[in-house]
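For reference, the structure is listed below as structure tokens.
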Amino acid sequence: MQRLDDRSRAFEIQKAIQKKALLRSFYLDMYRRYARCIEHCPPTGAVIEIGSGCGFAKHTLPHLITSDLISYPGIDCLIDAARMPFGDVSLRTILMLNVFHHIPDVAAFLSEAERCLISNGRLLIIDQHSGIISKHIYRYFHFEHFDLRSPEWSFNAKGPLSSANGALPWIVFQRDRDRFTSGYPSLELLSYRPHTPLKYWLSGGLRKISFVPSRMLSLVTKLDRNLTHKCPDFGSFVDIEIKKK
């Protein structure tokens, strides 16, 4: 598990994203969600991505400030999400993809988001969803820890990527929604929208294997859309959009 936190993995991660059509399409879908969120934010203030890793969000959103705890190539700055180096009411948008469940103290991060966002600024968390299909994959077949019964919002951190609780998005914003609402009165949960049941899994993720050929991209995309429309809880991922009042 320690190698997950190794900066030297950058090349193999980037290679996997570029080589696999389904995986690259997954990232592009998520960055389009970033763009839609930014459109609803005030025009002034910085736009920050937390935990940018080896993604390519900046290729589609050039004004984005990328950040991570690991000094991957191309990262604009090193940031601990629980202690962000930004002034009060200075950010118009905070974005993150598959990062929230890796933050060992999400309560501290939410306090920081509340402090840093300007009025009507937004936080978009795209992360794992405990859905009909995915909860079994996350629990039994995924390498990250996944505990729906955890009474806490925190866990002991051994490394930025090697430590996690994949159930945290559901725990904080569904199971413990009242606690979130009362604990962060200036943060309004606008939506919790599950999506993308199959594309990531069929791509094989960052592993070398892929379960379907690239030519099936349009078919998988259509299947994902239809499944999500039929029953949102088929989703393996979720958009959690929050507005600063």
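Please treat every number below as a calculation from the coordinates, not as lab data. What you see is a predicted model, and the numbers here were worked out from it, not measured in a lab. Every residue, glycine among them, receives a Cβ derived from its backbone with ideal geometry; neighbour counts consider all protein chains shown.
Note down the magnitude of the dipole of the chain about its Cα centre, charges +1 on Lys and Arg C-beta and -1 on Asp and Glu C-beta and zero elsewhere, to the nearest 20 debye. Spell out each step's value before the answer.
On the way: 33 positive and 24 negative charges, 201 e Å.
Charge dipole, the chain, about its Cα centre: 960 debye, nearest 20.
Once you have the Cα-Cα distance between S119 and H145, take 0.36 nm times their residue separation minus that, and quote the gain in nm to one decimal.
On the way: separation 26, 0.36 × 26 = 9.36 nm, distance 3.50 nm.
Going from the current span to full extension adds 5.9 nm.
Which value results for Rg/Rh of the stretch 184-228 when Rg is the Cα radius of gyration and Rh the Kirkwood radius based on the inverse mean 1/r? Provide the component values of the computation, followed by the final result.
Values: Rg = 15.2 Å, Rh = 12.5 Å.
Reported Rg/Rh (Cα atoms, Kirkwood Rh): 1.22.
Close amide H pairs (under 5 Å, H built 1.01 Å from N) link G121 with K244, residues at least 5 positions away or on another chain.
Sort 124-131, 42-49 by packing, meaning the average of other beta carbons within 10 Å per residue, with the highest value first. Don't jump to the answer; show the numbers that get you there.
Working: 124-131: 25.2, 42-49: 16.9.
Going by the mean number of other Cβ atoms within 10 Å, highest first, we get 124-131, 42-49.
The stretch 98-118 and the stretch 151-196 have their alpha-carbon centroids 9 Å apart.
Placing a pseudo-label 7 Å from each Cα along the Cα-to-Cβ vector at R83 and R3 gives an inter-label distance of 3.1 nm. In a Debye calculation with equal point scatterers on the alpha-carbon sites of the stretch 72-112 and no solvent, what is log10 I(q)/I(0) at q = 0.33 Å⁻¹? So the normalised log intensities are -1.34. Tell me the angle of helix 217-230 to the major Cα principal axis of the chain, expressed in degrees between 0 and 90 and rounded to the nearest ten. Roughly 60 degrees, rounded to the nearest 10. With only Cα atoms counted, the stretch 2-244 has Rg and Dmax values of 17.0, 48 Å. Protection proxy ranking for 163-175, 70-82, using the average of other Cβ atoms within 10 Å per residue and placing the highest first: 163-175, 70-82. When every Cα-Cα distance of the stretch 1-90 is counted in 10 angstrom steps from zero, the calculated P(r) takes the values 15, 42, 34, 9, 0 percent. Loop-located chymotrypsin sites (Phe, Trp or Tyr not before Pro) across the stretch 121-155 with a Cβ neighbour count of 16 or fewer within 10 Å are F141, F143, with loop assigned by DSSP.
A simple packing score, the average count of other Cβ atoms within 10 Å per residue, orders the peptides 17-25, 209-217 as 17-25, 209-217, with the highest score first.
At 222 nm, what value in deg cm²/dmol follows for the chain if DSSP H runs of at least 4 each add -39500 (n - 2.57) and the sum is divided by all its residues, to the nearest 500? Walk me through the numbers before you get to the answer.
Numbers: 8 runs with 77 residues, N = 245.
Taking each H run of at least 4 residues, the total per residue is -9000 deg cm²/dmol.
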